[in-house]
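Read the structure below first, then the notes.
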Amino acid sequence: MSAIAFQAWLDSEQDFTQGVQLYAQHPAARPALVALFARAGTGPFTSKQLVQEIERLVAAQPADSGAAPAAPAEQPAAAQPSDVAGLEAEKLHLFKEASNLHGTLRLLPTDEARYQAAVTIKTDFRRIDAIWDALHYREQHGALPPVVVSVIADDDRAGLLRRRNTLRTYVSSQRGTHEKRAEWRAELADVERRLNP
């Protein structure tokens, strides 16, 4: 697939299905990602991953396609603040690790090894979800969510339920300062994640 077709797709409205078809036709396309795109469909994570993959393929084209297409792929990374760049790098690393483990599940020799790989995959995707939440919060509020330190143990379900209900009351009543409400919303998201693993 030519860099021109990829660049035209990047410059367009980026129809997910068309992008997946273009990506799948390229010889350097990663089979695991093609399968993921086909299975998961369009969504914030898959759409962003597809754009990143197509930008990677455009940047990797031979010199006859010119150096200009490489600039858009480099610009966002250079323009990202350090807190966002760190989270993006962690998210990409976790996704690669989970994808690699998923591809090897059938090849693992024992049920225990498959179980451990599945636990790692689930843990990686939970962290990826938390990173997406933090990045979304940053887009809305201009800063990453405050760090939440909870004194309630994960196995104290009753304590977590009480805290969740209290936080819901605080958030819905609009009491406290803007910063305090942001802390409560972040803690509420953390408690709900702990209640629904």
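Readers should treat all values here as calculations from the given coordinates under stated rules, not as data from a laboratory. In this text, all values refer to a predicted model and were calculated from it rather than measured experimentally. Using ideal geometry, Cβ is built from the backbone for each residue, glycine included, and neighbour counts are taken over all protein chains shown.
Some notes on this structure:
- Rounded, prolate or oblate (a/c below 1.5 giving rounded, otherwise prolate when a/b exceeds b/c) for segment 107-150 by Cα gyration tensor: prolate
- Projecting the Cα atoms of LEU101, TYR23, THR123 onto the dipole axis of the chain, where Lys and Arg carry +1 and Asp and Glu carry -1 at the beta carbon, places THR123 farthest toward the positive end.
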